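What follows is a set of notes on a single structure, which appears directly below.
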Amino acid sequence: MNRQQAQEILRIYRPGTADAQDPDFAAALALARKDPELDNWLLQQSLVQDALRSKFRQIPIPEGLKEQILSERKVQTSLPLKRKLVLSAVCAACILLLAALVLPLLRSHEDKSFANFQSRMVKTVARQGLYPKMDLETNDVAEIRKFLAQHQGHGDYVLPNGLQKTTSTGCAILPWQGKAVSMVCFNSGKNPAANASDLFLFVINHADVPKAPQAGKPSFVQTNSLTTASWTYGDKTYILATPGDEASLRKYLAL
Amino acid sequence: MSHTDESAKRPNFEGLVEQYYRSLYQFAFSLAQSESEACDLTQQTFYIWATKGHQLRDVSKVKSWLFTTLHREFLESRRRQTRFPHYELSQVDEELPSISPARVNQLDSAQLLVALQQIDAVYHAPVALFYLEDYAYKEIAEILSIPMGTVKSRISRGIAQLQQALGGSPPAPAAKKESRE
């Protein structure tokens, strides 16, 4: 450490405080003890700092500030509570009124398109990853079909050949626009965890979704980081979603 | 420790006001440089204590809590969105102007405040805490929520600007010629 470095450190040194215990200050002070010029500079510096400190502490306090603080405490501790109650009541009334006015409008303008249906379903599983919430967890396809049939789902869904060979992991009934959607989950085998799911089949009555795909070849779309294939077979429309690409999806779709 | 024991140790409101309202006001004034705003900040700080002070578990930190709260309220009142740049002590290249103790002693508070208004706003809080309270740098860092190195550099720069504003002459050329090792 040279003199200039010591000066830089000692610029903010306050004699008589805990500063002296700081290792940086201690080293700079040790140098000052050996260097008379630096020591003299430090003395002058300390006097300036003391004078400034004293001036800061002489900043005048407005008369009556203390009394003001003490008197306002009573007002402040009671008024905000009343204000909060009134505000809460007003806010609650406004929200209810707004909800009553706007919700019917929103309902009548809800997007009932197939694209919205597809997006909503995919988001549902995209949020939950490999372990989506299911109503029934089982590898038994018969149990899945039975459960869906008993809960207003689609127990008679028809799987493409490729998907029939894939292990089911469970199912759930999801609501969409007041209609039931059956979700059947599969494990493609890429994930070693037996209960992990990475293929998701959504089934809905074709008539329940305006502009749903017509019977024929499946169409592929990338939605929310998942690849989807959608098609209609019989009276049902199907969406199959997976984190993989289109090619990985195609192998499940051969009828 | 039982709840009763803790409550017994908790300082009462009037006692806290008596003990700290002066230094809090002076700190507020150093930040806001307006008497009315400093009064508001001081009152608001005690109001927050009255409503939320019970959440402070370590009653030995009441003083730091009050200064921290006042500083936050000040920042909130200014709605500062930009982060202050952080400078480490090694980056400080401003030389301390030469000012005599006698010159400082001749000043009155009004002159000091005029000088304080001339330094960059970012230095107000650390410089004020440096002079008003004998806080350790670590405590100042906690109050201002900035690293300790930044505290030191801001104090160093703030003092340099303050002394310049108080009429200090530029540093001696000899000091500038010295090379750093």
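Using the structure shown, decide if B:S60 is surrounded by fewer than 21 Cβ atoms within 10 Å (Cβ to Cβ), more than 9 Å from chain A (Cβ to nearest Cβ) and at pLDDT 85 or above.
No, not satisfied.
Tally up the residues in the range A:219-255 that are surrounded by 16 or more Cβ atoms within 10 Å (Cβ to Cβ) and more than 24 Å from A:L130 (Cα to Cα), please.
The total comes to 3.
Across the range A:15-31, which residue is farthest from the other protein chains (Cβ to nearest Cβ) among those that are buried (at least 19 other Cβ atoms within 10 Å of the Cβ) and modelled with pLDDT of 85 or more?
Applying the filter and picking the extreme gives A:L29.
Do you know which of the residues in the range B:17-38 that are in a helix (DSSP H, G or I) and small (G, A, S) is farthest from the other protein chains (Cβ to nearest Cβ)?
Per the criteria, the residue is B:A32.
Which of the residues that make up the range A:175-198 are farther than 19 Å from A:L253 by Cα and buried (at least 19 other Cβ atoms within 10 Å of the Cβ)?
Of everything in the range A:175-198, just one residue is farther than 19 Å from A:L253 by Cα and buried (at least 19 other Cβ atoms within 10 Å of the Cβ), namely A:V181.
Only one of A:I12, A:I61, A:I69 is within 7 Å of chain B (Cβ to nearest Cβ), part of a loop (DSSP other than H, G, I, E, B) and crowded, with 20+ Cβ neighbours inside 10 Å. Can you tell me which?
None of the other options fit; the residue is A:I12.
Does the range A:146-162 include one or more residues that are modelled with pLDDT of 90 or more, closer than 23 Å to A:R127 by Cα and in a strand (DSSP E or B)?
Scanning the range A:146-162 turns up no residue that is modelled with pLDDT of 90 or more, closer than 23 Å to A:R127 by Cα and in a strand (DSSP E or B).
When you scan the range A:199-218, how many residues do you find that are in a loop (DSSP other than H, G, I, E, B) and open to solvent by 60 Å² or more (accessible area, probe 1.4 Å)?
The number of residues fulfilling the criteria is 4.
The values are calculated or read from the model by the stated rules, or taken from the named source; none is laboratory data. Since we're looking at a predicted model, the values are computed, not measured. Neighbour counts are summed over all protein chains in view; Cβ atoms, including those assigned to glycine, are modelled from backbone coordinates with ideal geometry. Keep in mind that these areas ignore ligands, DNA and RNA; they rest on the heavy atoms of the full protein, side chains included. Shrake-Rupley method; radii C 1.70, N 1.55, O 1.52, S 1.80 Å.
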